[in-house]
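Participant: So that we are looking at the same thing, I have put the structure below in structure tokens.
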Amino acid sequence: MAIFVNGVIFEGVDTSDPNCWRLDAYMARGGYQALKSILSAKMPQEDVIAEVKGSGLRGRGGAGFPTGLKWSFMPRSFPGDKYVVCNTDEGEPGTFKDRDIIVFNPHALIEGMIIAGYAMGAKAGYNYIHGEIFEAYELFEAALDEARKAGFLGENILGSGFNFDLFAHHGYGAYICGEETALLESLEGKKGQPRFKPPFPASFGLYGKPTTINNTESFASVPFIIKDGAQKFLELGKPNNGGTKLFSISGHVNRPGNYEIPLGTPFSELLEMAGGMKGGKLKAVIPGGSSAPVLPADIMMQCTMDYDSISKAGSMLGSGAVIVMNEHVCMVKALERLAYFYHEESCGQCTPCREGTGWLYRVIHRILNGEGRPGDLELLDSVGNNMAGRTICALADAAVFPVRSFTKHFRNEFEYLIEHKKPLVNHKWC
Amino acid sequence: MLSAESLALIDRELAKYPADQRRSAVMGALRIAQQEKGWLATETIEFVANYIGIAPVAAYEVASFYNMYNLKPVGKYKLTVCTNLPCALSGGVNAAEYLSKKLGIGLGETTADGKYTLLEGECMGACGDAPVLLVNNHKMCSFMTPEAIDKKLAELE
């Protein structure tokens, strides 16, 4: 199910129409005009990058790094092959926006990637798609076939002399492959274990060649930016937070789904759009995917949905995955489930993460089961401090953020369970 | 070892990558092999490795790292339910418990008649559609209330 209010990527897309993803439907919505205008005007590469920079577009996958700036890191004069790679390996609990992009509007992504390939002088691109959404992968391959047949991909695109091809690659069940260098390893046919950085992908990426990796939503925003202008995109959001953003709302709301709204929209409005609370009063929200620190209701209700406001409140906008919990959720139980996830998904490469995620899970598990010991909260702190910032990638940090924030904001529930061997909140999932 | 159809599909995967990067196709090739065989026996993994032209251990490493590959035989229908936090808040855990009771097996087990294997899964990227159930890795079923589960099981022959 998908619900779209308005915005950039889903403007004019009738998601109830089973053919809305097709090339002719996309063309009728003005699709591929941005690419055509770039190619017919022989727009200089740096002008394309300047336009993306000017839009204020920040990476929609979680880190929020400025997309145009990232593109400018690609060595312009490099003589060999270069690549653009799209990260549709969406496995951050709570996030389900990229699936809807490739299911309902795949050509926006394809066009965005072709433009990126042109701007950075790449010869080919790959879209790495989460294995669990295999039907979406098959549909994306069908969209690629359409684009190839119409002359938007391949040799001498639209007679311009520009060559670029694009392929889909699927994952097969590994959260870690959402980390960009693990994704590259996986794309090379290896275990998805993150690489040490530097070197960064812009100098040593796929097959050792300069590579830029962006999130699905970032690439899919590019046609709008080129066609309607950086300024218009920027004005949709607020300064330093340009554009609209897809928010995936899950948990205790009446209408879970995706909402594309201007950055800076108050959280209270978003909650209302999602049909309001289900089953009880708002207790807590994880505003940016499971790795983002949880925020209690009173803090969250003061936030607007943009990078700066959420960051000021002590969390992260991340991927825009908003997990809503009502008053019947036992926070120890909720944290235990997340801790299990990180333990299960640690790739095992770095000792602090491989061992630490298991340790965190076991301690939280014993607290939940009434076997907590005095000093367990300090132990969680200590284990977390020995994980965060001490590993090759950020999975360890991602595992520690929820532990720190849950035990900070809802400390009484943990203390009560340790002392009384029973939970303060009579837990009900739904 | 693999059918002509499967080999043709693997060739399509190989064509996506530069000629000197055949290893990139191993994930797709193992998936195709598993679709034909139901699971990946060591001989199947070796066959795929030899077909692509990589060391068998390199293919085995991939098959054992990614959790959607079956390294042991599974039931005719492998049912994977997401029980991660966002799904749990919308009935994911309840769906897993309902299936477990209905099939009379625990998580990670296969029914005696070899028809169903029940697994707990991690995030499938579909939290808005929870409870979510994957049938044999590729078919995603959304909003799996007890009634929807009953209906789905009746469809699976």
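Participant: Ordered by packing density, taken as the mean number of other Cβ atoms within 10 Å over each peptide's residues, highest first, how do B:137-146, B:86-95, A:221-230 rank?
Facilitator: Highest to lowest by the protection proxy: B:86-95, A:221-230, B:137-146.
Participant: In degrees, nearest 10, range 0 to 90: what is the angle between the Cα axis of helix A:376-385 and the longest Cα principal axis of chain A?
Facilitator: For A:376-385 against chain A, the angle is about 30 degrees.
Participant: Give me the net charge for the shell around residue B:77: Cβ to Cβ below 14 angstrom, other residues only, Lys and Arg +1, Asp and Glu -1.
Facilitator: Here the count lands on +2.
Participant: With each run of n ≥ 4 DSSP H residues scored as -39500 (n - 2.57), what mean residue ellipticity at 222 nm is computed for chain A after dividing by its residue count and rounding to the nearest 500 deg cm²/dmol?
Facilitator: Helix-only estimate at 222 nm: -12500 deg cm²/dmol.
Participant: Kirkwood Rh and Cα-based Rg: tell me the resulting Rg over Rh for segment B:45-88, rounded to two decimals.
Facilitator: 1.15
Participant: A further question follows. Across peptide A:128-135, what mean number of C-beta atoms from other chains lies inside 10 Å of a residue's C-beta?
Facilitator: Average neighbour count from other chains, rounded to a whole number: 6.
Participant: Also, quick follow-up: By the gyration tensor of its Cα atoms, with a ≥ b ≥ c the square roots of the eigenvalues, what is the shape of the protein assembly as shown: rounded for a/c under 1.5, prolate for a/b over b/c, or oblate? Write down the numbers at each step before the final one.
Facilitator: Numbers: a/c = 1.56, a/b = 1.21, b/c = 1.29.
Oblate shape, in that a/c is at least 1.5 and b/c is the bigger or equal ratio.
Participant: Cut-off under 12 Å on the C-alpha distance; same-chain residues fewer than 8 positions from residue A:227 excluded. Which aspartates and glutamates are left, in chain and number order?
Facilitator: A:51, A:111
Participant: Name the chymotrypsin sites (Phe, Trp or Tyr not before Pro) in segment A:127-222 that are in a loop by DSSP and that have at most 16 other C-beta atoms within 10 Å, would you?
Facilitator: Passing both the DSSP loop test and the Cβ count: A:196.
Participant: Still on this structure, please answer the following. What net charge do the residues around residue A:228 carry, taking every other residue with its C-beta under 13 Å from that of residue A:228, with Lys and Arg at +1 and Asp and Glu at -1?
Facilitator: Neighbour charge sum, excluding residue A:228 itself: 0.
Participant: Same structure, new question: Just to confirm the number: angle between the C-alpha axis of helix A:106-120 and the first principal axis of chain A, 0 to 90 degrees, nearest 10?
Facilitator: It is inclined by approximately 70 degrees.
Participant: Using only Cα atoms and rounding to the nearest 10 degrees, what angle (0 to 90) does helix A:351-368 make with the longest principal axis of chain A?
Facilitator: The answer is roughly 50 degrees.
Participant: Related question: Are there any chymotrypsin sites (Phe, Trp or Tyr not before Pro) in segment B:1-82 that are in a DSSP loop and have at most 15 other Cβ atoms within 10 Å? List them by number.
Facilitator: B:39
Participant: With only Lys, Arg, Asp and Glu charged, each at its Cβ (+1 for the first two, -1 for the last two), find how big the charge dipole of segment B:20-90 is about the Cα centre; round to the nearest 20 debye.
Facilitator: About 240 debye.
Participant: Here's a follow-up. Counting Lys +1, Arg +1, Asp -1, Glu -1, what net charge surrounds residue A:81 among other residues with beta carbon under 9 Å of its beta carbon?
Facilitator: Result for the neighbourhood of residue A:81: +3.
Participant: Are there GluC sites (Glu not before Pro) in segment A:92-167 that DSSP puts in a loop and that have at most 11 other Cβ atoms within 10 Å, and which ones?
Facilitator: Answer by residue number: A:155.
Participant: When you count, for each residue, the other Cβ atoms within 10 Å and take the mean per peptide, how do A:44-52, A:396-404 rank with the highest first? Kindly include the intermediate steps, with their values, before the conclusion.
Facilitator: Details: A:44-52: 17.7, A:396-404: 23.9.
Result, highest mean Cβ count within 10 Å first: A:396-404, A:44-52.
Participant: Next question, about the same structure. Can you pick out the pairs among A:190/B:78; A:97/A:283; A:36/A:70; A:97/A:408; B:115/B:151; A:97/A:281 whose Cα atoms lie more than 20 Å from each other? Please list the in-between numbers first.
Facilitator: Numbers: A:190/B:78 25 Å; A:97/A:283 24 Å; A:36/A:70 24 Å; A:97/A:408 29 Å; B:115/B:151 16 Å; A:97/A:281 26 Å.
Violating the 20 Å limit, Cα to Cα: A:190/B:78; A:97/A:283; A:36/A:70; A:97/A:408; A:97/A:281.
Participant: For A:338-349, what's the mean count of beta carbons from other chains sitting within 10 Å of each residue's beta carbon?
Facilitator: The per-residue average across the peptide is 2.
Participant: Oh, and also: Contact order normalised by length for chain A, with contacts defined as Cα pairs under 8 Å and 6 or more residues apart; what percent is it?
Facilitator: 17 percent
Participant: Could I ask something else about it? What is the distance in Å between the Cα centres of segment A:197-263 and segment A:312-357?
Facilitator: Distance between centres, Cα-based: 23 Å.
Participant: May I pose another question? Fewest Cβ neighbours within 10 Å first, please rank B:113, B:11 accordingly.
Facilitator: In increasing order of surrounding Cβ atoms, one gets B:113, B:11.
Participant: Right, next: For peptide B:67-77, what's the mean number of Cβ atoms from other chains within 10 Å of each residue's Cβ? Don't jump to the answer; show the numbers that get you there.
Facilitator: Details: counts 7, 8, 3, 0, 0, 0, 0, 0, 0, 0, 0.
Average neighbour count from other chains, rounded to a whole number: 2.
Each reported figure results from applying straightforward, stated rules to the coordinates on display, with no laboratory input. Just so it is clear, the structure is predicted and the values come from calculations on it, not from any experiment. For neighbour counting, all protein chains shown are included, and Cβ atoms are generated from backbone atoms with ideal geometry for every residue, glycine included.
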